[in-house]
Structure formats: C-alpha cells, structure tokens
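Worksheet: the structure to be examined is printed underneath.
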C-alpha cells in the first residue's frame, strides 16, 4: 500500500484554477478502487491519498503523472510505501 502526500508549489489561485480537474481525476481513481481515501491537508497546504496495493510504485508514479495538479505544475508528490500487516476486517477487501 501507499500513502501519497502532495504539497502545493504554486499560489492558491493557480491551485484553485485546476482544482475541478483534479477532483474529476480523483473521482475516476476512487471509482476504480485505486484510491481508498483522498482529501486536503489541514491546514490546506496540499493533500493526502491512501492508495490500494493493486499496483506497484512505478505504476503509481505513472498514474500521478496524469493528475492535473502535476500536469499544471502546482504540486509535488511524496510516496511512502508500506506493508499493511494489521487490517481492520471491514477494509480487508479494499486493500
């Protein structure tokens, strides 16, 4: 599994200009089951995704390249890979 953090690298106005496209991108990947959880950091300096183990790091990096925030150069990404050894039974089919 992965935790992805993104940090805004552009002024809020530039981020807001592509936020709708970014949310459409998120919706697509939530619907596919790739993204389990996504949302803004508090305070709003970026965002966080929890990503299923359905793909490897290289494939995840390729998916992130298609994020409008990445395409428009308004965010940088950090990927943390981890092995989920304790899983709430309610989530077992998702990870």
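The values are calculated or read from the model by the stated rules, or taken from the named source; none is laboratory data. Here the structure is a predicted model, which is why all the values come from computation and not from measurement. Ideal geometry is used to build each Cβ from the backbone, glycine not excepted, and the neighbour counts take in all protein chains shown.
Key figures
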| read-out | value |
| --- | --- |
| First in region 70-82 and without any contact (Cβ under 8 Å) to a residue 24 or more places away in the chain, second anywhere and not in a strand (DSSP E or B), Cβ under 7 Å, 6 or more apart | 70/64 |
| Residues (out of contact with any strand residue (DSSP E or B) (no Cβ under 9 Å at 6 or more places or on another chain) and either touching a residue at least 12 places away in the same chain (Cβ under 8 Å) or within 19 Å of residue 28 (Cβ to Cβ) (or both)) located in region 38-54 | 54 |
| Given (1) surrounded by 12 or more Cβ atoms within 10 Å (Cβ to Cβ); (2) at pLDDT below 95, index of the condition residue 32 fails | (1) |
